[in-house]
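Please treat every number below as a calculation from the coordinates, not as lab data. All figures in this text were calculated on a predicted structure; none of them were measured in a lab. We place every Cβ from the backbone using ideal geometry, glycine too, and count neighbours over all the protein chains shown.
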Amino acid sequence: MIYVVLPFFCKGQKHDTLQNVEVISKKNIIITIASTPVQLLNTTDASKTNSVTVADALKHFAGVMVKDYGGIGGLKTVSVRSLGANHTGILYDGIALGDAQGGQIDLGKFSLDNIAQIELYNGGPFEILSPAKAFSYGSLLMLKTIASSKTDTEKKIANVKVQYGSFGYFSPSISYKQHVGKKVETSLNAMFQSAESQYPFTSYENNNVTQKRKNSDIKAYRLEYDASLTMHDSNKISVKTYYYKSERGLPGAIILYNNINSERLTDRNFFLQSNWHNKLSKKSELLVNAKYAADQNYYIDPSFLNTAGKLENEFSSKEFYLSAAYSYKINNFFKISFSSDALNNRLKRTDSFAVNFANPSRNSLLNNVAFQLKKTRFEVTGNILHTLINEKVSNGKAGRNINAFSKAFAMGFQPIKNVPLRVRAFYKHIFRAPTFNDLYYTNVGNTNLKPEYADQLNVGLTYSEQRLDFLKNILVTVDAFLNTVNDKIIAVPTINLFQWSVQNIGKVNAQGIDVAVQIKTKEWRDVQLSAHVAYSFQHVLDVSDKNSSLYKTQLPYTPKHSGSSTFSIEYKRAILNYNIIFSSLRYKQGDAIFVNLLQPWNTNDVSFSYLIGKNYPNNYKIIFEANNIFNTTYDIIQYYPMPGFNYRIALNILLKKTKTII
Amino acid sequence: MNFRKTNLAVLSIVCLLNACKKVDDTTIVLPVEITPSVGAYVLSEGSTNNTKLSYYNKSNNTVIGDFFLQQNPSKPAGLGSIGNDMILYGSKLYVVMNVSNIVTVLNANNAVFIKDISFVSGGVNKGPRYATAARGKVYVSSSDGTVSVIDTTLLNITKTITVGANPEGLVASANFLYVANSGGFNFPNYDSTVSLVDLNTELEVRKIKVGLNPYKVDINTAGNIFVSAYGNYSTIPASISFINGATNSSSINLGSNFSYSNIRISGDIAYLYNNYGGTGTAKVYNTALNSFIRNEFITDSTIIQTPYGLNIDEQNGDVYIADAKNFISAGTVTCFGNNGVKKFSFSVSPGVSPNNIIFKR
């Protein structure tokens, strides 16, 4: 079937000219010289981590906590250094994903099949020529798709991947990229995913009994179309269209002595975005971004005990976004940039149960000034961001207007010439605006909310060596941080548990250390070893209320120790990987007492891949993944059991037709 | 939460202040000896799956926080999810597990597990809420608009009575069952009725209009009914309605001084709590004389952060108030004399959000 779709491919063409070595070293350079911590994972690395989604891959990053509610369709949000998921911004091919409604994007929706690179920045973006929005988050996750990555040599390239796995997991995907003439490149990506996800877990009532997760199925598909026009090397316009739809069961927490659940969720996400990057002169560059996004989510509880016999929630939101950024090189080592973003976000509740919903519309204007002073052994960057937010509602009272400055400064230097050790430090003061849910959620929302502030302080060391006897490279980063979150927005019950209210009452002090080590050996008799180890220590205290018994206790679901490691052996065309992820004990919400303790866990995964036709344009890769091989029983969130042992088999077919043939 | 006895005379024994009077010439008040309590069971609803039953031993002033686990090592997972109500009737404790959709029956003497009664019907959760007992049966309201009748010998549901939308609290008089229909799931179109159920036929006789979104129901010595209602949590305040138990025709809203969502009556004395739009722990009201005894029950400096359950030891008039605090950390129970002065208090850790206190005698 695949060959019918792609009849124009032929075998035995020119050798693959992709320079893996260069890619890796460039990546290491960014990690090493950046004044703020940066973690990168490219397709090759990600494929070693037994990951299906971006959320799975992020479990291998230092300082990242993935709240995973289990299963393919289970919610997966990411909190970096205990700032909370709302402080993580996600840029998809350079433009922020909308987050006005809930502020916590489910990273389980992003499968890795079309992701070329995952980049995580503590603080701000690496490039100061970035949209103002990119500076507006506590940490920044950049997802770069295959479509946006450079492939100069191939005239036509197609990648077909079929995955099949435990618990009814099936996911075919295809990417096709084509050059039209010398200037135009188009690409299409399609992914379908379905899973029953009725995985077994050990009963909470009785250790000797195995139960199955119910109502946890998902069907999802994604379509992406990209086109770009390159006028000349330094002037490129690209357009992306994205559509994602999923329909899933919400299995909810396991309820003791009861296993009935029938809630469903349907998501639709559409966006059209465009990006124009133009090097106007040797000194100045322009970056223009525009986006229109329309999202819809529909929730139904068909067994709700009201007269209608069901509960529905349907929200639709829209975003209009325009951004312009300009940078100017004053001299060889000093660069400034200015960026200005305008956004409009709207949310409407459209179900029959909607009563007097605010239907808010929010205008945001972000202006950012940044500078970068860069010498070989010394770098200072900084930015000041001004945010103006005002809001209108069709019912009730609108949320507060926001008019605030925030700032970040970072510096890095290499103390000793010829010693590849760098010292770095950064400070960032930023806030996240209350989301529409925080402000307007029926009966719970609070329009008096102020922004939630996060302050980050980081000092660190990076060491990168490329010329050791047996090692190809070694990269070590160690960072210590001190974060505080003030006016943290949390929902609390008021007079009783029927009545919750969202309030700015939280305060969090976080201290921690992130360590990451990457080692790769030189090839020896076709054998190459590599390892990636990440470790985080986090001492995160709830300092909200002196009179509460929770005062100065570790934040719920925050392990003190967590980490991951990936070990790989490559021999000719085969790669064997071993992954470990671990988390120390942590408490669920409540007093720091034994009954609220969640046990430490670790999972061990093995994967094996074999490439046929390594040196040819058309090649075939077969991947076997065995996940949680010791069948560890664990919850990341209590009563949301994680899958035990499971496997996946994937077949990846890469077909290329190079320019030289034409 | 209402641990009720049908013998009205028993209730009348608590003569606080001068409140204990014959208010109805046809009622003969007979003082009955009540055995002093030796301890108290406290139910803490908790959050998902962590309902706890604690036991307070009065003689040595000790608490066993997870008494259920201690007494039932074969059930390590505990009672289940969201224990909403508990009554002691005969020799058994009935614990209404709202989210687990079971009523768990325990031996009242030692909290040893006897049976789980399922509240799942046709694959749908009924959502059991509150329980009361009368004539040898236990009546449990469920959010699916019914009251289930439990045979206390068979420990089975023997009958299901259809009432109004999303019933909450209920109480029995000599001949009738009064069930508050909240309609809470039809937000914002709350119900505002009490279903009058004939205990002989176990059928709804009619609905009596009360305040919006009714919640708790209780009865005084004379057999008159008081219904507390939430209102709509914003523009329409909480309220208390009065139903004459002799006529059961209509209700009287007691007015703006009664903006409380919870009511607990012992004899003729009503404790109103969960004050809307004001401070204070509980208001003390004489239902027979229709007069307030105290605007604030507590007379010393004791502070209850979130009064979430209240019960009166009918033998000595002591008032036990459960404090849910922030609904996250361990709750406490404080015992006061009926003069509002604290006698003692105890933590129910690991119990969170305690909502009910039942006396063991």
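Sorted largest first, the principal axis extents computed over the alpha-carbon atoms of the range B:99-192 equal 43, 34, 22 Å. Pairs with C-alpha atoms separated by more than 21 Å, drawn from the list A:K161/A:K183; A:K150/A:K182; A:K109/A:K155; A:K374/A:K417; A:K282/A:K374; A:K155/A:K183, are A:K161/A:K183; A:K109/A:K155.
Taking the fewest neighbouring Cβ atoms within 10 Å as the starting point, the ordered list for A:L585, B:L154, A:L256 is B:L154, A:L585, A:L256. For the range A:287-365 versus the range A:499-563, the inter-centroid distance based on Cα atoms is 29 Å. Summing charges over neighbours of A:E285, with a neighbour being any other residue whose Cβ is under 11 Å away from its Cβ, gives +4 when K and R count +1 and D and E count -1. Mind grabbing the base-10 log of I(q)/I(0) for the range A:218-363 at q = 0.12, 0.15, 0.18, 0.21 Å⁻¹? Debye formula, identical points on the C-alpha positions, no solvent, two decimal places. Normalising to I(0) and taking log10 leaves -0.72, -0.91, -1.10, -1.26. For the range A:217-267, the calculated P(r) over all alpha carbon pairs, in 10 Å bins from 0 to the bin holding the longest distance, is 19, 26, 20, 15, 12, 7, 1 percent.
May I have the pair-distance distribution P(r) for the range A:284-391, computed from all Cα-Cα distances with 10 Å bins from 0 and rounded to whole percent? Result returned by the calculation: 12, 27, 22, 16, 12, 7, 3, 0. Considering helices alone, the calculated mean residue ellipticity of the protein assembly as shown at 222 nm is -1000 deg cm²/dmol, with DSSP H runs of length four and up weighted by -39500 (n - 2.57) and normalised per residue.
What is the projected area of the convex hull of the Cα atoms of the range B:214-311, averaged over all directions, in nm²? Could you put the intermediate results ahead of the total?
Numbers: hull surface 24.9 nm².
Orientation-averaged projected area of the Cα hull: 6.2 nm².
Semi-axes of the equivalent ellipsoid for chain A, computed as √(5λ) from the eigenvalues of its C-alpha gyration tensor and ordered from largest down, come to 36, 31, 28 Å. Which of rounded, prolate or oblate describes the range A:48-154 when judged by the alpha-carbon gyration tensor and an a/c cut-off of 1.5? Oblate shape, in that a/c is at least 1.5 and b/c is the bigger or equal ratio. In terms of overall dimensions, the C-alpha atoms belonging to the range A:192-279 reach 67, 22, 18 Å along their principal axes, ordered largest to smallest.
Using unit Cβ charges (K, R positive; D, E negative) and no other charged atoms, how large, in debye to the nearest 20, is the dipole of chain B about its Cα centre?
Numbers: 26 positive and 22 negative charges, 50 e Å.
Approximately 240 debye in magnitude.
Given their separation in residues at 0.36 nm each and the Cα-Cα distance between them, A:Y328 and A:L585 gain 87.6 nm when the chain is fully extended.
Rounded to the nearest 20 debye, the dipole size of the range B:163-220 about its Cα centre is 180 debye, using +1 on the Cβ of Lys and Arg and -1 on the Cβ of Asp and Glu.
Under 1.5 on a/c is rounded, so check that first for chain B, then, if it is not, pick prolate when a/b is larger than b/c and oblate when it is not; a ≥ b ≥ c are the square roots of the alpha carbon gyration tensor eigenvalues. Rounded, because the longest to shortest axis ratio a/c is under 1.5.
At 0.692 mPa s and 37 °C, plugging the Kirkwood radius over alpha-carbon pairs of the range A:462-562 into Stokes-Einstein gives what diffusion coefficient in µm²/s?
Values: Rh = 17.0 Å.
Translational D for this selection: 193 µm²/s.
Cross-link check: pairs A:K59/A:K657; A:K144/A:K335; A:K212/A:K450 evaluated at a Cα-Cα cut-off of 32 Å; pairs beyond the cut-off: A:K59/A:K657; A:K212/A:K450.
Taking 19 Å as the cut-off, the amide N atoms of the range A:435-472 that come nearer than this to a point 7 Å along the Cα-to-beta-carbon line of A:N356 belong to A:437-449. Within the straight-line cut-off of under 20 Å between alpha carbons, the aspartates and glutamates reachable from B:K283 are B:D218, B:D268, B:E296, B:D300, B:D313, B:E314, B:D318, B:D323, sequence neighbours fewer than 8 places apart in one chain being disregarded. Each other residue within a Cβ distance under 15 Å of A:S364 adds +1 if Lys or Arg and -1 if Asp or Glu, for a net charge of +4. Each principal axis of the Cα cloud of the range A:565-650 was evaluated for its coordinate range; sorted largest first, these ranges are 60, 21, 20 Å.
Across the range A:567-662, C-alpha contacts under 8 Å between residues 6 or more apart give a mean separation that, scaled by the residue count, equals a relative contact order of 22 percent.
Taking one quarter of the surface of the C-alpha convex hull of the range A:433-503 gives a mean projected area of 8.1 nm². For chain A, the relative contact order is 13 percent, taking Cα pairs closer than 8 Å that sit 6 or more residues apart in sequence and dividing their mean separation by the residue count.
Once you divide the Cα radius of gyration of the range A:378-524 by 2.2 N^0.38 Å, the number left is 1.52.
Relative to its residue count, the range A:509-592 spans a Cα convex hull of 77 Å³ per residue. The residue list A:Y243, A:G512, A:V476 was ranked by how far each Cα lies along the charge dipole of chain A toward its positive end, using unit charges on Cβ atoms, and A:V476 comes out on top.
For a straight C-alpha distance cut-off of 19 angstrom, the aspartates and glutamates reachable from A:K214 (same-chain residues fewer than eight places away being disregarded) are A:D68, A:E196, A:E205, A:E247, A:E263, A:D301, A:D635. Note on A:Y616 and B:E296: the model spin-label points, each 7 Å out from Cα along the C-beta direction, lie 8.8 nm apart. Oblate is the label for the range B:69-138. Its Cα gyration tensor axes, ordered a ≥ b ≥ c, give a/c of at least 1.5 and b/c at or above a/b. Our Cα-only numbers for the range B:264-350 put the radius of gyration and Dmax at 12.6, 41 Å.
What is the magnitude of the charge dipole of the range A:592-662 about its Cα centre, with +1 placed on the Cβ of each Lys and Arg, -1 on the Cβ of each Asp and Glu, and no other charges, expressed in debye to the nearest 20? Before the final figure, lay out each step's value.
Working: 6 positive and 3 negative charges, 143 e Å.
I would put it at about 680 debye.
In terms of Cα atoms, the Rg and Dmax of the range A:232-314 work out to 22.5, 70 Å.
Charged neighbours of A:F481, selected by a Cβ distance under 12 Å, balance to 0 (K, R count +1; D, E count -1).
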